[in-house]
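Below is one structure; the comments refer to it alone.
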Amino acid sequence: MFRKILIANRGEIALRIICACKELGIPTVAVYSQADQHSLHVRFADEAICIGPPSSSDSYLNIPAVISAAEITNTDAIHPGYGFLAESAYFAEVCEACGITFIGPSPEVIRMMGDKDIARKAMKEAGLPIVPGTDKIKGPFSSAVNAADEIGYPVIIKAAAGGGGKGMRIVNSADELPNALEVAQNEAMSAFGAGDVYLEKYIPIARHIEFQILADHEGNVVHLGERECSIQRRHQKLIEESPSPYLTPELRAEVGRLAVRAARTVNYANAGTMEFIFDGEGHYYFIEMNTRIQVEHPVTELVTGLDLVKEQIRIANREALEYTQEDIVFRGNALECRINAEFPDTFFPSPGTLKTFYPPTGIGVRVDTAAYNEYVITPYYDSLIAKIITYGRNRQESIDRMKRALEMTVVEGVQTTIPLHQSILNNDDFRAGRIHTHFLEQMNRNSTRG
Ligand code: MV4
C-alpha cells in the first residue's frame, strides 16, 4: 500500500479523503493556502504544508507547489478530490513523471473525456446512445446553420472544454445561431483557453441522471446504480438522490451494462461517472463523463454500502475489485442537500463567519462538512458549507428525515440554501418524484403566481 497520501484539496472533500486514509492506515499530508491555516483538514492530517496565498491559482492549482510538498514529505500518491486539479491530464502526467501515483484514471483517458466532443465519439463507438449533434464547429457559420437545420431546433451550443454547464447556450432558431456561436466561442475561449464548441439537439424537459462506475486495472468494472441530479440552479446541483424515482430495475440494469462496457472500452481505471439525459419518452443519451470522485458520491455509498474513496485508493494501488456486479445490492434510498452560503433568491455567494454552526445528527443522517463555530466562508473558494445526506428504507423516509434534519440544523452568520431546500421538500411534484431540469423555474413560477 502507499507510504503516504497527499491530499491536493481543501474543505469537506479533503476531510472525506482523510477519513478513508485513516481507516486504511495510510498517513496523510494536507496542503493549504494562507486562507486555510485554521482548517480542519490541516488539523486532522498527519502533516501539513502551506502552498501559497489564498487565490486558488496561486495555491490549490499551483502544480509546482503541490509537487514540491509531495517531494518534501516523501509522499508516493496524491488524491486530487474534486475540482481544482482533479481533471487536469497535465497534472496527472506530472505526477507520473515524478514517480507519484495520481489517484485517478490515466492522463490519456482524462484528456479524452475532457474534450466533450471526443468523449461523445468515443462513447458512441463503445455503444452508448448520444444526442444527435455535430463535431466541433469549424469554418464558416453557414455549415453550422445547415447542421442545426438537420438536427432540428432547439439546439444547444456546448464548449468542448466545458462540462458542468459552463459555456452552454440554447438556440431556438436559425437567425439566432451565428451570433450565439460567436458569443459562445468567445466565452469558451476566456473560460477555458479553448474556443471550440459543438451542437447538440436540446432536450427541453429532461432528467439528468448519472451512473457511477468503479473500474480496476485488470478490466473488472461494476456499476453502482444512478444518481438523479435534475434539480440544479445555475448549473450547480442542489439536491441529488439514489435511486432515481424514474428508473425501473430493468432500465437501470440496461444503462448500467452500457456504462460498464463503455468504461472497459476506454481502459478506464478509477471511480467514474457517465452523465445521461433522459427525455421522458423512453430515450436516453450519454452527454459527458466525469473522471473524478464527485460531490454527490455519498448517496451512492449509502445505498450500496461501499466506500468510494477507499475503492479509489485500492484501485490506484493496483488491487483488483473484490466483488462482481452480482454482489452489488441497492438498498433503500438516499438524498443529499447541498447547504451553500448564498442568498436564496439570487444564488449569489454570501461569505462571512459562521457565528453558530450546529449540524444535524441522529438516525439516517450523515453530514460531510469541514465547518465549525466561527468558521469563515471566504470568497476565494466555493461556498459549500455542508452536505446533509439522509438515508431511509424508501424515498418517503429519507425525505422525512431530511425535513427534520434541516429543521435541526443551525447556521448563523450567513444566508444559506436551507429555506430553498425546505420549499423543494414540501413541493408536491418533488414528493411525487416528478422532477426535471426545469423543476426549480417551474416551482418559482407557481409560487409567485400564488
Ligand atoms: C443538456 C440538456 C438538454 N439537452 N444537453 C447541464 C449540465 C451539463 N452537464 C449538461 N446539462 C444539460 N445538457 C442536451 N442536449 C440539459 C442539461 C441540463 C440542464 C439544462 C438547463 C437547465 C437545467 C439543467 C439541469 C441539468 C441538465
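Derivation of every value follows stated rules applied to the coordinates shown; laboratory data play no part. Keep in mind that what you see is a predicted model, and the values were worked out from it rather than measured. Here the Cβ positions follow ideal geometry from the backbone for every residue, glycine too, while neighbour counts run over all protein chains shown.
Here are the numbers:
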| quantity | calculated |
| --- | --- |
| Cα lying deepest toward the dipole's positive end in the chain, options Ala69, Ile209, Ile110, charges on Cβ | Ile209 |
| Square roots of 5 times each gyration tensor eigenvalue, C-alpha, the chain, largest first, Å | 32, 27, 24 |
| Percent antiparallel among DSSP beta bridges (both partners in the chain, rounded to 5) | 80 percent |
| Lys/Arg +1, Asp/Glu -1 at C-beta; the chain dipole; positive extreme among Ile18, Thr361, Tyr372 | Thr361 |
| Size of electric dipole in the stretch 321-442: Cβ of Lys, Arg +1 and of Asp, Glu -1, about Cα centre, debye, nearest 20 | 320 debye |
| Charged-residue dipole, Cβ positions (Lys, Arg, Asp, Glu), the chain about Cα centre, Debye nearest 20 | 600 debye |
| Cut-off of 10 Å, at most 13 other beta carbons, DSSP loop: longest stretch of the chain lacking such GluC sites (Glu not before Pro) | 1-217 |
| Rg/Rh (Cα only; Kirkwood hydrodynamic radius) as it applies to the stretch 306-450 | 1.03 |
| Furthest towards positive pole of dipole, Gln37, Val299, Ile156, structure part the chain, Cβ charges | Val299 |
| Violating pairs (Cα-Cα greater than 30 angstrom) within the set Lys4/Lys136; Lys158/Lys355; Lys310/Lys355; Lys158/Lys237; Lys116/Lys237 | Lys4/Lys136; Lys158/Lys355; Lys310/Lys355 |
| Cβ-placed point charges (K, R +1; D, E -1), dipole of the stretch 131-269 about Cα centre in debye, nearest 20 | 220 debye |
